[in-house]
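Here's the structure we're looking at; comments come further down.
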Amino acid sequence: MGTQRVGIIMNGVTGRMGTNQHLIRSILAIREEGGVILPNGDVIMPDPILVGRNEKKLQALAEKHHIERWSTDLDQCLANPDDQIYFDAQTTVHRTESVKKAIAAGKHIYCEKPTSTSLEGSLELAKLAKEAGVKNGVVQDKLFLPGLQKLKRLIDSGFFGQILSVRMEFGYWVFEGDWQEGQRPSWNYRKEDGGGMIVDMFAHWRYVLDNLFGNVTAVSCLATTHIPNRVDEQGNEYKCTADDAAYATFELEGGIIAQVNSSWAVRVNRDDLLTIQVDGTEGSAVAGLRDCKAQHRINTPKPVWNPDIENPFNFTEQWSEVPNNQIFDNGFKVQWELFLKHVVADGPFPWDLLEGAKGTQLSDLGIQSWQERRWIEVPELKL
């Protein structure tokens, strides 16, 4: 049994998501477990170098987690042939140029989404990677959540019969930053910095809908900025120039209708921050981030509308939990392991930069639908 070191240039991991999900819970967790084991018994051992613009943050993060390598010089890191993978978790406005540099340096690419601020930019990255012959992937973490894995299990078993509709509710109240500090960075609410609900979340909804239910074929979207002013990390009030809520309807292949509400100005009265209800001819299910409950047609109650009497049904008790039946690992870590196997052993990895471009496409078309107040068809993307 041999060990194969894989050097990873990790750019932008001083942010919340990059630090927690990609560095600590993925790469460092893989290292602590002894690496990724291949079918032949060989082991992939990731070796990260942390890259960013803030020297103090990088040094503190590296020292805290006993990481020997860090740098503020991306070009120098890309010039090192011993590091095969470039990972990007920067804000979207900085991602495109850095990924281009990494492709030109012959690095395999793994990055967060959106992959660019426009469809043209995302398609350019996919084309460049294909022409350079480098392997590439995009983070599509929600597919690996326990709740969605259980939902996929129901779909694959034929539990729903014919799927009719999907209803997704996402969001929570993000504090304005005046009397309580906001839970999201202020750039999320500035369009000029790449912020906005549509730009942030439609990339997620595209891969969730495409992979679970069917390709998105059309979109109708209305977005708004519910909270016009917020207070940033320095205590300064600023004007919100990006949408903080989006209300969309999607048409999917096979006639499925998906209604998706996304808001950072909503208080949660549901089981989780994200819930997905699927209704079919034979049964229904509601999935959250970790749990999933189902109701078959034989267990479906028969209510009759009557406002003159107390409701005789406790609807929430009439659903059954879908059991775990397996151990669910961190979704980001699972996808990292698959990408490492893809790079080293040519394992399957369908979530490439072209798939990432589909997310940017849906964001662009969602914004167009909102601006023009009409349905927009979603054409097939090809390189």
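Restricting attention to region 358-374 and to residues that are surrounded by fewer than 13 Cβ atoms within 10 Å (Cβ to Cβ) and not basic (Lys, Arg), the residue that is nearest to Gly196 (Cα to Cα) turns out to be Gln371. For beta carbons closer than 9 Å, sequence separation of 6+ or different chains, a first residue in region 26-42 that is surrounded by 15 or more Cβ atoms within 10 Å (Cβ to Cβ) and a second that is in a helix (DSSP H, G or I) and of a type in the set (Lys, Arg), the qualifying pairs are Ser26/Lys333; Ile27/Lys333; Ala29/Lys333; Ile30/Lys333; Val36/Lys341; Leu38/Lys341.
Here Thr275 fulfils each of the conditions (1) loosely packed, with under 12 Cβ neighbours inside 10 Å; (2) touching an Asp or Glu at 6+ places or on another chain (Cβ under 6 Å); (3) β-branched (Val, Ile, Thr) apart from (1). Of all the residues in region 344-357, those that are touching a residue at least 60 places away in the same chain (Cβ under 8 Å) and surrounded by fewer than 21 Cβ atoms within 10 Å (Cβ to Cβ) number 4. For Gln140, the conditions (1) closer than 19 Å to Leu353 by Cβ; (2) surrounded by fewer than 16 Cβ atoms within 10 Å (Cβ to Cβ); (3) polar (S, T, N, Q) are fulfilled apart from (2). Residue-level check: of (1) assigned to a helix (DSSP H, G or I); (2) in contact with a Lys or Arg (Cβ under 7 Å, 6 or more places away or on another chain), Leu383 misses just (1). I'd like to check something: does region 238-247 contain any residue that is among the charged types (D, E, K, R) and free of Cβ contacts under 8 Å to residues at least 40 places away in the same chain? The answer is yes; a qualifying residue exists. If the condition is being over 30 Å from Ala287 (Cβ atoms), among the polar types (S, T, N, Q) and out of contact with any strand residue (DSSP E or B) (no Cβ under 9 Å at 6 or more places or on another chain), then region 97-150 contributes Thr117, Ser118. Among residues of region 165-205 being in contact with a strand residue (DSSP E or B) (Cβ under 9 Å, 6 or more places away or on another chain) and aliphatic (A, V, I, L, M), the one that is nearest to Leu362 (Cα to Cα) is Ala203.
Just one of Glu355, Glu337, Glu310, Glu377 is of a type in the set (D, E, K, R), modelled with pLDDT of 95 or more and farther than 28 Å from Val219 by Cα; which is it? Give the steps one after another, and end with the answer.
Values: Glu355 fails: farther than 28 Å from Val219 by Cα; Glu310 fails: modelled with pLDDT of 95 or more; Glu377 fails: farther than 28 Å from Val219 by Cα.
Unique residue meeting the criteria: Glu337.
Evaluate region 110-130: report whether one residue or more is under 28 Å from Pro185 (Cα atoms), in contact (Cβ under 8 Å) with a residue 60 or more places away in the chain, charged (D, E, K, R) and not in a strand (DSSP E or B). Looking through region 110-130, at least one residue is under 28 Å from Pro185 (Cα atoms), in contact (Cβ under 8 Å) with a residue 60 or more places away in the chain, charged (D, E, K, R) and not in a strand (DSSP E or B). Looking at Asn229, Asn188, just one residue is under 20 Å from Gln90 (Cα atoms) and touching a residue at least 12 places away in the same chain (Cβ under 8 Å), and that residue is Asn188. Of all residues assigned to region 181-192, at least one qualifies as being more than 25 Å from Ser116 (Cα to Cα) and either of a type in the set (Phe, Trp, Tyr) or surrounded by fewer than 15 Cβ atoms within 10 Å (Cβ to Cβ) (or both). Considering (1) at pLDDT 95 or above; (2) β-branched (Val, Ile, Thr); (3) outside the structural domain of Leu28 (by TED's automatic domain parsing), the lone condition that Val344 does not fulfil carries the number (3). For Leu145, the criteria (1) surrounded by fewer than 18 Cβ atoms within 10 Å (Cβ to Cβ); (2) within 23 Å of Val322 (Cα to Cα) hold in every case but one, which is (1). Being within 24 Å of the chain's Cα centre (by Cα) and over 30 Å from Asp83 (Cα atoms) is true for just one of Asp291, Asp346. Which residue is that? Sole residue among the options that is within 24 Å of the chain's Cα centre (by Cα) and over 30 Å from Asp83 (Cα atoms): Asp291.
The values are calculated or read from the model by the stated rules, or taken from the named source; none is laboratory data. Predicted model only: the values in this text are computed from it and were never measured. Glycine also receives a Cβ, built like all others from the backbone with ideal geometry; neighbour counts cover every protein chain displayed.
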